[in-house]
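The values are calculated or read from the model by the stated rules, or taken from the named source; none is laboratory data. Note that this is a predicted model, so its numbers are computed, not measured. Using ideal geometry, Cβ is built from the backbone for each residue, glycine included, and neighbour counts are taken over all protein chains shown. We work out accessible area using only protein heavy atoms, side chains counted, and drop any ligands, DNA or RNA first. Shrake-Rupley method; radii C 1.70, N 1.55, O 1.52, S 1.80 Å.
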Amino acid sequence: MSRIGYALALAIAVQLVGPREAQAYIDPGTGSFIFQALVAMVVGVGFTLKLYWNRLKGLFGRRSALPADATSPPAKDEGDVS
Amino acid sequence: MTSPETLKASFRDPSGFLFTRDGVLYRQVDERYRAAFDALNESGLYRGLVDDGLLVQHREVSTELALRPGAYRVLQPEPVPFVSYPYEWCFSQLKDAALATLRIQQRALERGMVLKDASAYNVQFCCGRPVLIDTLSFEPWREGEPWVAYRQFCQHFLAPLALMAHCDVRLGQLLRIHVDGVPLDLASALLPARSWLRFGLLTHLHLHAKSQARHADSAARKGAPAAPRVSRSGMLGLVDSLLSAVGKLAWAPAATEWGDYYADTNYTPAAVDHKLELVRKLVAASSPRTVWDLGGNTGRFSRLAVAAGAHVVSWDLDPAAVEKSYLHLKQEGPRPLLPLLLDLTNPSAAIGWANEERMSLAQRGPVDLVMALALIHHLAISNNVPLERIADFLAPLAPRLLIEFVPKGDSQVQRLLATREDIFDRYTPEAFEAAFARRYETVEAQPIRESVRVLYLLRRRDA
């Protein structure tokens, strides 16, 4: 293997392999790590498309619907409990 | 002056820990967390989250107060009025805690940080809203790094919520047994077939569980695997996908036994009004700062204690009642009320490592006043608990007790006895008074107009 090829392979390997932040103390789970990358690729594309679609809609004056808010009151009117 | 000690639950995170000194709660931030802590402040993330009520506020105090060497900072967080646990929350409380966690993650990513854990125990309820209490949960994020807390989020939040929404709301109690959240393979096995048709649950629960199972042994066999890469859009997409999956989960309480309690009892309107008036008066007479309303149902009487200026925890057995109370609370606006789930015949026990991580019910007391309205017949008759044992259980919880005796003439008791043999010769007003006189003296005894029930305000004998 040429020296450049070797250096390239090493650079890629360093990106792919190797421990991450020392602060992460919980067990991420091997299967969860690998699976997440897969899911992220799929939903990442969808998310980016959604962003551009919302921006496009914004250009035409229609505000995109905001996702569910943790602090907003429930849609259903509970009324007074008696 | 008690000696300072670390909180029993605070030991997993090497970044720092909680401890008490002279009854005050502090958080020690260790040197190894220096860079992350500085980033948390300098990025504006801390301020932004606190201003929006998503993260607990703290003030920095002198590092001389540190409990152990190696402290970078010592914080004094604003204490939470009452510590509750995810297995005590109703469906919407757990859902709101999940949504808050994801929103916090989004905000963190906007400022180059990420949550390094996503435990439901990092969330507490203050004034009816979910708040993150673990200030050290944040760390800087570099694009490419996967979300370490993804598994934990799915187990602590998504799995139990999906089980509650799609199977049975009582499955939230699995969180009592599984201290690090519901295992994904268990959730996957229990969820109905239709859950496979929902993208969020299919992906983050079912397929996630399969991936976990497949790779369970791989580390041992092949050595440490390559850490996969997650781009920024991938990470944002992941969080957005989880928000959507959680957001779509809903539980509508069907009519349960206690849901229509007040419509269904023998209280005439005059009786209800008199009881409200009496409770208001008797609570005010005790001027409690903290109250537990046992069997509080939808919190109608708990709210009287709130109006009297107390912080009230309203406990009930019925998930539908707690849910209704919580949803009502969200509409009312912030107030010192916390509805929670509790089975008095099997109250929350001390669990976790060495049975010391999560406190039992009694360990989180005492309070100034316990209310036990329309409750005693469920314990004494439905659950065969002798009156003396009930008095002994209640006595350590508070120096004052507001209790309603429901005699056999009452239609609710008749309903309880309808399908069983009446072995309760010792369930009489006289026996009740004698049983409680062992532990309490009577401050007031007031019959409720147009009913056979009597309200007692009792003071514990040593108080």
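The spread of Cα positions in the stretch B:32-115, taken along each principal axis and listed from longest to shortest, comes to 42, 31, 22 Å. Using only C-alpha positions, report the orientation-averaged shadow area of the convex hull of chain B, nm², one decimal. Over all viewing directions, chain B projects a mean Cα-hull area of 24.9 nm².
Past 28 Å, Cα to Cα: identify those pairs from B:Lys8/B:Lys116; A:Lys57/B:Lys116; B:Lys248/B:Lys330; B:Lys275/B:Lys324; B:Lys210/B:Lys330; B:Lys95/B:Lys116, in the order given. Write down the numbers at each step before the final one.
Working: B:Lys8/B:Lys116 21 Å; A:Lys57/B:Lys116 35 Å; B:Lys248/B:Lys330 19 Å; B:Lys275/B:Lys324 21 Å; B:Lys210/B:Lys330 37 Å; B:Lys95/B:Lys116 20 Å.
Those over the limit are A:Lys57/B:Lys116; B:Lys210/B:Lys330.
For the pair B:Asp51 and B:Glu444, a Förster radius of 30 Å applied to the C-beta separation gives a FRET efficiency near 0.05, rounded to the nearest 0.05. Evaluating 6.51 cos²θ - 1.76 cosθ + 1.60 at θ = phi - 60° for every residue in the stretch B:393-407, the Karplus couplings come out as 6, 6, 3, x, 6, 6, x, 10, 9, 10, 10, 10, 8, 10, x Hz, glycine and proline recorded as x. Simple spin-label estimate for B:Val179 and B:Ala193 gives 3.9 nm between the two label positions (7 Å along the Cα-to-Cβ direction from each Cα). Rounded to whole numbers, the Karplus 3J(HN,Hα) couplings from phi for the stretch B:305-311 are 5, 4, 4, 7, x, 9, 8 Hz, using 6.51 cos²θ - 1.76 cosθ + 1.60 with θ = phi - 60°, and x at Gly and Pro. Take the Cα of B:Ala437, step 7 Å toward its Cβ, do the same at B:Arg232, and the gap between the two points is 7.6 nm.
Couplings for the stretch B:344-353, taken from phi via the Karplus curve 6.51 cos²θ - 1.76 cosθ + 1.60 with θ = phi - 60°, read 4, 7, 7, x, 3, 9, 6, 10, x, 4 Hz in order; Gly and Pro are left as x. A dipole drawn for the stretch B:340-463 from +1 and -1 charges on Cβ atoms has a positive end, and of B:Val367, B:Phe424, B:Val452 the residue lying farthest that way is B:Val367.
Chains A and B: what accessible area do they bury, summed, in square angstrom to the nearest 100, with a 1.4 Å probe? Spell out each step's value before the answer.
Numbers: alone 8440 and 20940 Å², together 24940 Å².
Chains A and B together bury roughly 4400 Å² of accessible area.
If you plug the beta carbon distance of A:Leu59 and B:Ala35 into 1/(1 + (r/R0)^6) with R0 = 25 Å, you get a FRET efficiency near 0.05.
Straightening the chain between B:Asp343 and B:Asp392 buys 15.9 nm, computed as 0.36 nm per residue apart minus the Cα-Cα spacing. Modelled spin labels at B:Asp422 and B:Glu5, positioned 7 Å past Cα toward Cβ, are 5.0 nm from each other. Mean residue ellipticity, 222 nm, helices only, the protein assembly as shown: the sum of -39500 (n - 2.57) across DSSP H runs of n ≥ 4, divided by residue count and rounded to 500, is -11000 deg cm²/dmol.
How much FRET efficiency would the formula 1/(1 + (r/R0)^6) give for A:Arg3 and B:Asp273, where r is the Cβ-Cβ distance and R0 is 60 Å, rounded to 0.05? Write out the running numbers ahead of the final one.
Details: r = 91 Å, r/R0 = 1.52.
So the FRET efficiency works out to roughly 0.10.
Divide the volume of the convex hull around the Cα atoms of the protein assembly as shown by the residue count and you get 191 Å³ per residue. I'd like the distance separating the alpha-carbon centroids of the stretch B:282-344 and the stretch B:16-77, in whole Å. Taking the Cα centre of the stretch B:16-77 as reference, the centre of the stretch B:282-344 is 32 Å away.
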